[in-house]
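Structure, as structure tokens:
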Amino acid sequence: MFLVRRTAVLNTIGLPSSEAWKAANLLSKVCNAYEDNNDRGKAVVYIGGASTPGDEIIVCAEWYTDSIEFNDITSVPKTVIQDNTELSQLVKKYSIEFFEVATEEKLAARFG
């Protein structure tokens with residue numbers, strides 16, 4: 001099992017902090033489209049730095065998956081391309097992180 005985190009650091013120059021909610025809505029739509037069309041696990045979308053302390057305003061999505069697969073452009077839902085285009089106007093930097101979850105089964109297999 002893996003945890004995947006997609007982080008969007010917002011371009012806050014000239015943008016009101018309410019744009020964090022717009023970005024969260026767009027990222028949520030992107031995640032929902034993948035969940036509906038590509039059998040992806042349900043994502044949790046959250047915001048940091050808009051109404052909480054933080055150096056930058058970020059919007060993140062996290063989800064669990066059993067395996068990490070290459071995301072072929074032909075399997076990307078059309079709505080994702082449209083929503084990502086709008087989201088990219090608010091974002092100065094994207095990152096994606098992959099973590100292997102240390103489940104009880106994996107720990108037992110390694111350490112008994």
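The values are calculated or read from the model by the stated rules, or taken from the named source; none is laboratory data. What you are looking at is a predicted structure, and each value in this text was computed from that prediction instead of being measured. Every residue, glycine as well, gets a Cβ built from its backbone with ideal geometry; the counts of neighbours run over all protein chains shown.
Evaluation of A50 against the conditions (1) of a type in the set (G, A, S); (2) in contact (Cβ under 8 Å) with a residue 40 or more places away in the chain; (3) over 20 Å from F99 (Cβ atoms) shows that the sole unmet condition is (2).
Quick check: is even one residue across region 44-56 assigned to a helix (DSSP H, G or I), over 16 Å from F2 (Cβ atoms) and not aromatic (F, W, Y)? The answer is no, given that none of the residues of region 44-56 is assigned to a helix (DSSP H, G or I), over 16 Å from F2 (Cβ atoms) and not aromatic (F, W, Y). For region 34-43, the set of residues classified as modelled with pLDDT of 85 or more, surrounded by fewer than 13 Cβ atoms within 10 Å (Cβ to Cβ) and either touching a Lys or Arg at 6+ places or on another chain (Cβ under 9 Å) or under 18 Å from M1 (Cα atoms) (or both) consists of K42 only. Every condition in (1) farther than 29 Å from N11 by Cβ; (2) loosely packed, with under 10 Cβ neighbours inside 10 Å holds for T52 except the one numbered (1).
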